[in-house]
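Every read-out reported here was derived from the displayed coordinates using simple, explicitly stated rules and does not represent laboratory data. Everything numeric in this text was worked out from a predicted model, so none of it was measured. In this analysis, Cβ positions are derived from the backbone assuming ideal geometry, glycine residues included, and neighbour counts consider all displayed protein chains.
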Amino acid sequence: MEAKKNKTTEKKEKLLVVIRIEGMVKVRKDVAETLDRMRLRRKYACVLINPNDKNKMGMLRKVKQFVAYGEIDDKVLKELINARGALVDKSGKIDSDKVTKELIGGKKLKDLGLKEFFRLHPPRKGIKSKLHFPKGVLGNNGSKINDLIGRML
């Protein structure tokens with residue numbers, strides 16, 4: 001029994017990254033409120049969520065028509081924190097290696113003194129923002145979200 005516990009604790013937790021693609025015009029009030037609670041207040045804002053958090057996953061299901069999401073790799077997460085991470089108190093530097101390890105370990109950005117969202121650039125070479133994943137970017141992108149983030153950094 002203890003061997004199983006050790007395996008589950010050693011398993012790395014994959015974080016989901018959620019990027020708002022749609023703008024603010026013609027968004028239903030309940031969806032706009034959910035996006036606001038997720039800290040996705042502008043186009044191309046990005047947040048990290050834990051897939052084990054039932055509340056956040058319910059919010060994600062509600063707004064999946066307006067966002068792109070998928071599992072983020074460790075390397076891309078480190079690049080994202082390094083390029084777009086912002087401290088709450090705006091003093092000092094961010095150690096992206098340490099922050100990445102702690103995030104994978106289960107801590108939140110707020111606990112580490114970072115803002116809970118990232119502001120990204122519009123993607124290079126454009127996107128099809130009206131279509132769902134196989135043809136566009138809306139919805140669950142799986143591991144292809146890493147390519148999109150790379151184009152947005």
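Excluding same-chain neighbours fewer than eight residues apart, the aspartates and glutamates reachable from LYS43 by a Cα-Cα span under 19 Å are GLU22, ASP30, GLU33, GLU116, ASP147. Cross-link pairs exceeding 28 Å between alpha carbons, from the set LYS62/LYS115; LYS29/LYS93; LYS26/LYS75; LYS110/LYS130; LYS29/LYS125; LYS14/LYS128: LYS29/LYS93; LYS26/LYS75; LYS110/LYS130; LYS29/LYS125. Placing +1 on the Cβ of each Lys and Arg and -1 on the Cβ of each Asp and Glu in the chain, which of LEU103, ASN140, LEU87 has its Cα farthest towards the positive end of the resulting dipole? Farthest towards the positive pole: ASN140.
Sorted on the mean count of surrounding Cβ atoms within 10 Å across their residues, most packed first, peptides 66-74, 99-107 read 66-74, 99-107. 3J(HN,Hα) couplings calculated from phi for region 135-148 with the Karplus curve 6.51 cos²θ - 1.76 cosθ + 1.60 (θ = phi - 60°) are, in sequence order, 9, x, 10, 5, x, 7, 9, x, 7, 5, 5, 5, 5, 5 Hz; Gly and Pro show x. Under 17 Å of direct C-alpha separation, and excluding same-chain neighbours fewer than eight residues apart, LYS54 reaches these aspartates and glutamates: GLU13, GLU71. Among (i) 17.3; (ii) 10.1; (iii) 8.5, which is the computed mean projected area of the Cα convex hull in nm²? The calculated read-out lines up with (ii).
In a reduced charge model with +1 at each Lys and Arg Cβ and -1 at each Asp and Glu Cβ, the chain shows a dipole moment near 580 debye about its Cα centre. Taking the chain as a Gaussian network of alpha-carbon nodes connected by springs under 10 Å, the highest mean-square fluctuation of the residues LEU87, LEU120, LEU60 belongs to LEU87.
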